[in-house]
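Trainee: Handing you this structure, nothing more for now.
The values are calculated or read from the model by the stated rules, or taken from the named source; none is laboratory data. Fair warning: this is a prediction, and the values are worked out from it, not measured in the lab. FYI the Cβ positions are ideal-geometry reconstructions off the backbone, even for glycines, and counts take in every protein chain you see.
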Amino acid sequence: MRLPPTGDELLDRTSTGTFLFEGEPVQFLDGDTVGSALFAGGRRVFSRSFKYHRPRGLLCCSGQCPNCLMEVDGVPSVRVCSQPARAGMQVRSQNVIGSLEHDLMGIVDKIGGPFTPVGFYYRTMIWPRRAWPLYERFLRNVAGLGRIDPHAHRTRRFDTEHRRAEVLVIGGGPAGLAAAQAATGAGRQVVLVDEGLARPAPGSDELPFQLLAPARALGIYEGGLVPVDTGGVLIRFRAERIVVATGTIEQPLVFPGNDLVGIMLPAGVRRLVRDWSLKPGERAVVLSADDRGLEAVDDLERAGVEIARVVDLREQTPRQIEARGRRGRLKAVTVDGETVDCDLLVMSGGRQPAYSLLAQAGARIEYDDRRGIFAPTGLPPNVEAAGSVNGGGSASLPSPAYAGSGKCFVCICEDVTEKDVKRAIAEGFDSIELAKRYTTVTMGPCQGRLCHLPSVRLYARETATPEAEIGTTTARPPWAPVSLGLLAGRGHEPARRTANHHRHKELGATMMWTGAWRRVHSYGDPADETRAVHRGVGLIDVSTLGKLLVTGPDAAAFLERLYPNRFSDLRPGRVRYSVLGTDAGRIMDDGTLARLTDEQFYVTTTSTGADVVAEWFEWWNAVWG
Ligand code: FES
């Protein structure tokens with residue numbers, strides 16, 4: 001059932017379509033995602049959790065959590081809350097044996113707890129050793145999320161493009177838009193990348209800069225390289241200046257039962273109500289450590305949800321919070337002994353700056369004790385942070401974990417509980433990097449968005465160590481999940497042709513690729529041509545070879561460190577052939593080195609090796625100073 005139409009909603013109620021979920025037709029409106037259409041149709045359980053196979057429902061509705069992963073048209077682990085619905089789509093649940101409602105593997109949650117504590121696979125299933133292949137097959141069958149059909153036919157193509165931008169803005173919120181507009185006003189060529197759905201905002205056609213949406217910046221690499229996932233095309237941007245305006249991420253609270261279906265973050269409620277005109281529940285409790293959670297009350301009232309209780313965790317500091325449910329669905333919440341019946345709990349543990357891209361670019365990340373968040377400081381040159389990613393606006397100091405009985409999840413992606421973290425610490429994994437590897441906290445599909453801060457704060461409490469000392473785990477690209485197909489997409493490199501290219505073609509040459517170059521393979525009979533060279537004479541066009549100039553008073557000494565030959569005794573005007581080896585002694589390239597003057601060498605490389613050799617020279621030049 002939809003709420004009455006509003007001006008905010010993303011829906012076109014005059015246009016409908018149908019897709020299939022588990023073979024059954026599901027109706028959607030234009031503007032729906034697969035997730036919103038399923039929710040409108042009454043679905044509340046969207047997935048089963050990774051380890052315990054607990055039912056999970058919509059949590060964030062913004063592509064940040066693992067709760068709505070499904071298989072769409074054969075592609076596993078698609079976040080259906082952000083996947084626009086299309087007629088004819090085939091949507092299926094994943095990670096279940098049976099159905100989402102009745103998953104046989106749910107038995108692990110009921111009786112498996114004592115047998116599957118953190119790191120159980122390092123201690124159990126190791127005896128007798130000969131049985132390992134059986135254990136391994138079993139583990140491989142039950143572990144992981146989603147299935148890939150190794151025999152499936154390719155249904156789409158992926159491409160790679162190379163582009164440059166004077167200013168690349170990542171994030172299309174108010175701060176990102178302001179930064180893009182300011183840079184455009186200053187006469188710069190600007191590209192703005194935003195993860196959100198491309199909203200039909202009035203006037204968006206006339207934006208004075210290029211907008212890429214929905215698109216995700218996957219990382220920031222050396223030299224201003226930013227790969228952007230636009231769906232079917234991976235665009236490798238080289239940007240002179242990068243503005244990161246990725247905002248903040250709403251944080252969950254850690255308490256027993258915090259993963260039940262019906263527990264949502266404020267963003268989830270906001271999107272259900274405002275974007276898709278859906279009523280998130282009937283009776284709600286709101287627990288919030290910041291204004292964001294309290295703002296959700298307006299949305300709930302607008303949707304006609306009864307507000308049973310609101311707890312502002314800045315004013316009230318409960319010791320116990322516990323959610324109880326039936327068949328995985330929320331039924332009641334208890335706060336310090338007082339139980340309230342409800343089917344919706346909106347929780348907000350404050351907001352953590354989404355700093356990962358900045359950390360990858362080289363920013364320092366420091367813990368701010370006062371606000372209880374990690375924030376970026378010391379940005380590298382040509383990288384800026386705009387808006388709340390700087391840390392402004394967050395204020396979260398809830399308890400690292402509230403008391404109560406039942407499973408209390410620190411990481412819902414990997415089903416890591418408070419008890420698991422305590423056990424890991426007791427076993428000696430007391431650094432956050434070691435604990436990450438042992439418990440796998442922060443290593444699931446949310447990539448630490450929802451569990452990094454809570455796990456660090458829990459570690460701090462349990463080890464009586466300040467959060468600043470515990471620090472962060474390393475932020476590595478990709479910042480968002482990316483399909484392997486996209487990474488392996490066809491590269492559209494520019495083809496390089498020699499001045500003689502058309503003459504070769506006229507003479508009947510077959511061309512081949514040599515790196516980016518088009519070179520002659522043969523003129524018809526390679527064996528004949530080989531014999532002609534041996535018996536007579538041959539002519540080769542080597543204009544495609546790489547050419548580098550090495551200049552400076554230490555040029556000869558530099559080359560002697562890289563090549564096995566001596567060059568200090570080579571007289572100007574003379575040439576010497578040599579091979580270039582790696583530091584492991586493997587030949588990586590070859591070519592000639594001509595001494596032009598005492599301080600200048602003209603070095604040739606193979607046609608394909610110029611880039612690698614230039615990089616190799618630059619690297620060693622930097623190392624040796
Ligand atoms: S509910 Fe879809 S990603 Fe969180």
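Trainee: Quick one: is residue 440 surrounded by fewer than 23 Cβ atoms within 10 Å (Cβ to Cβ) and either away from the ligand (no atom under 16 Å from the Cβ) or within 30 Å of residue 337 (Cα to Cα) (or both)?
Mentor: yes
Trainee: Let me ask something else. Here are the criteria: (1) part of a strand (DSSP E or B); (2) of a type outside the set (D, E, K, R); (3) within 16 Å of the ligand (Cβ to nearest atom). Tell me which single one residue 18 does not satisfy.
Mentor: Failing condition for residue 18: (3).
Trainee: For the range 64-74, indicate whether the set of residues that are out of contact with any Pro (no Cβ under 8 Å at 6 or more places or on another chain), surrounded by fewer than 20 Cβ atoms within 10 Å (Cβ to Cβ) and in a loop (DSSP other than H, G, I, E, B) is non-empty.
Mentor: The answer is yes, given that some residue of the range 64-74 is out of contact with any Pro (no Cβ under 8 Å at 6 or more places or on another chain), surrounded by fewer than 20 Cβ atoms within 10 Å (Cβ to Cβ) and in a loop (DSSP other than H, G, I, E, B).
Trainee: Any idea which of (1) within 28 Å of residue 268 (Cα to Cα); (2) at pLDDT below 90; (3) hydroxyl-bearing (Ser, Thr, Tyr); (4) out of contact with any Pro (no Cβ under 9 Å at 6 or more places or on another chain) is the one residue 440 doesn't satisfy?
Mentor: Residue 440 satisfies every listed condition except (2).
Trainee: Read through the list (1) surrounded by fewer than 16 Cβ atoms within 10 Å (Cβ to Cβ); (2) within 19 Å of residue 414 (Cα to Cα), then give the number of the only condition that residue 484 fails.
Mentor: (2)
Trainee: Would you check which residues across the range 294-323 are under 16 Å from residue 254 (Cβ atoms), among the charged types (D, E, K, R) and crowded, with 16+ Cβ neighbours inside 10 Å and list them?
Mentor: Listed by number, the list holds a single entry, 322.
Trainee: State which residue is surrounded by the fewest Cβ atoms within 10 Å (Cβ to Cβ) when the search covers only the range 267-293 and only residues that are of a type outside the set (A, V, I, L, M) and in a loop (DSSP other than H, G, I, E, B).
Mentor: Checked the range 267-293; the qualifying residue surrounded by the fewest Cβ atoms within 10 Å (Cβ to Cβ) is 282.
Trainee: Tell me the residue from 98, 112 that is touching a residue at least 40 places away in the same chain (Cβ under 8 Å), away from the ligand (no atom under 16 Å from the Cβ) and over 26 Å from residue 250 (Cβ atoms), please.
Mentor: The match here is 112.
Trainee: Out of all the residues in the range 567-625, which are more than 14 Å from residue 546 (Cα to Cα) and charged (D, E, K, R)?
Mentor: Within the range 567-625, 569, 571, 574, 576, 583, 586, 595, 598, 599, 618 qualify.
Trainee: Mind listing whichever residues of the range 1-31 are in the same structural domain as residue 103 (by TED's automatic domain parsing) and under 22 Å from residue 100 (Cα atoms)?
Mentor: Those that are in the same structural domain as residue 103 (by TED's automatic domain parsing) and under 22 Å from residue 100 (Cα atoms): 18, 19, 20, 21, 22, 23, 24, 25, 26, 27, 28.
Trainee: For the range 112-128, does any single residue satisfy the condition of being β-branched (Val, Ile, Thr) and at pLDDT 90 or above?
Mentor: no
Trainee: Moving to a separate point now. Residues in the range 354-371: is at least one touching a residue at least 40 places away in the same chain (Cβ under 8 Å), of a type in the set (Asp, Glu) and out of contact with any strand residue (DSSP E or B) (no Cβ under 9 Å at 6 or more places or on another chain)?
Mentor: Yes, the range 354-371 contains a residue that is touching a residue at least 40 places away in the same chain (Cβ under 8 Å), of a type in the set (Asp, Glu) and out of contact with any strand residue (DSSP E or B) (no Cβ under 9 Å at 6 or more places or on another chain).
Trainee: Would you confirm, using the coordinates I've provided, whether residue 64 is under 29 Å from the mean Cα position of the chain (by Cα), farther than 30 Å from residue 424 by Cα and outside the structural domain of residue 272 (by TED's automatic domain parsing)?
Mentor: So residue 64 fails the test.
Trainee: Residue by residue through the range 263-276, note down the ones that are farther than 10 Å from residue 59 by Cβ and within 12 Å of the ligand (Cβ to nearest atom).
Mentor: 269, 271, 272, listed by residue number.
Listed here are the residues, each with its yes/no results for (1) at pLDDT 95 or above; (2) more than 21 Å from the chain's Cα centre (by Cα); (3) away from the ligand (no atom under 16 Å from the Cβ); (4) not basic (Lys, Arg).
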residue	(1), (2), (3), (4)
346	yes, yes, no, yes
349	no, yes, no, yes
364	no, no, yes, no
375	no, no, yes, yes
390	no, no, yes, yes
395	no, yes, yes, yes
400	no, yes, yes, yes
430	no, yes, yes, yes
433	no, no, yes, yes
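Conditions (1) within 16 Å of the ligand (Cβ to nearest atom); (2) of a type outside the set (Phe, Trp, Tyr); (3) farther than 30 Å from residue 111 by Cα, marked per residue:
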position	(1), (2), (3)
24	no, yes, yes
29	no, yes, yes
36	yes, yes, yes
44	yes, yes, no
56	yes, yes, no
59	yes, yes, no
68	yes, yes, no
72	yes, yes, yes
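Trainee: Residue 619 passes all but one of (1) more than 24 Å from residue 500 (Cβ to Cβ); (2) over 41 Å from the mean Cα position of the chain (by Cα); which number fails?
Mentor: Only one criterion is unmet by residue 619, namely (2).
Trainee: Would you confirm whether any residue within the range 453-464 is part of a loop (DSSP other than H, G, I, E, B) and either aromatic (Phe, Trp, Tyr) or within 16 Å of the ligand (Cβ to nearest atom) (or both)?
Mentor: Looking for residues that are part of a loop (DSSP other than H, G, I, E, B) and either aromatic (Phe, Trp, Tyr) or within 16 Å of the ligand (Cβ to nearest atom) (or both), one finds none in the range 453-464, hence no.
Trainee: If residue 601 passes every condition in (1) part of a helix (DSSP H, G or I); (2) surrounded by 14 or more Cβ atoms within 10 Å (Cβ to Cβ); (3) in contact with a helix residue (DSSP H, G or I) (Cβ under 7 Å, 6 or more places away or on another chain) but one, which one does it miss?
Mentor: The one condition residue 601 does not meet is (1).
Trainee: Give me a count of the residues in the range 434-469 that are of a type in the set (Lys, Arg) and over 19 Å from residue 365 (Cα atoms).
Mentor: Number satisfying all stated conditions: 2.
Trainee: Restricting the search to the range 336-366, which residues are assigned to a strand (DSSP E or B) and surrounded by fewer than 21 Cβ atoms within 10 Å (Cβ to Cβ)?
Mentor: 338, 339, 340, 341, 364, 365, 366
Trainee: Just the residues that are touching a residue at least 60 places away in the same chain (Cβ under 8 Å) and of a type in the set (Gly, Ala, Ser), please, taken from the range 475-515.
Mentor: Listed by number, the residues that qualify are 475, 480, 483, 485, 488, 489, 491, 515.
Trainee: Could you list, in sequence order, the residues of the range 80-90 that are modelled with pLDDT under 95 and not polar (S, T, N, Q)?
Mentor: If the condition is that a residue be modelled with pLDDT under 95 and not polar (S, T, N, Q), then 84 is the only one that fits.
Trainee: Inspect all residues belonging to the range 255-262 and state whether any of them is of a type in the set (S, T, N, Q), in a loop (DSSP other than H, G, I, E, B), within 16 Å of the ligand (Cβ to nearest atom) and more than 20 Å from residue 376 (Cβ to Cβ).
Mentor: yes
Trainee: So residue 446 passes all but one of these: (1) assigned to a loop (DSSP other than H, G, I, E, B); (2) away from the ligand (no atom under 16 Å from the Cβ). Which condition number does it fail?
Mentor: Only one criterion is unmet by residue 446, namely (2).
Trainee: Moving to a separate point now. Any chance the range 499-515 includes a residue that's surrounded by 15 or more Cβ atoms within 10 Å (Cβ to Cβ) and at pLDDT below 90?
Mentor: yes
Trainee: List pairs: first residue in the range 605-622 and surrounded by fewer than 14 Cβ atoms within 10 Å (Cβ to Cβ), second residue of a type outside the set (D, E, K, R) anywhere in the structure, Cβ distance under 7 angstrom, at least six positions apart or on different chains.
Mentor: Short answer, once both residue conditions are applied: 620/562.
Trainee: Here's another thing I want to ask about it. Among residues belonging to the range 139-162 that are basic (Lys, Arg) and within 18 Å of residue 489 (Cα to Cα), point out the one that is modelled with the lowest pLDDT.
Mentor: If we take residues in the range 139-162 being basic (Lys, Arg) and within 18 Å of residue 489 (Cα to Cα), then 154 is modelled with the lowest pLDDT.
Trainee: Being away from the ligand (no atom under 13 Å from the Cβ) and closer than 23 Å to residue 230 by Cα is the requirement here; does residue 88 meet it?
Mentor: So residue 88 fits the description; yes.
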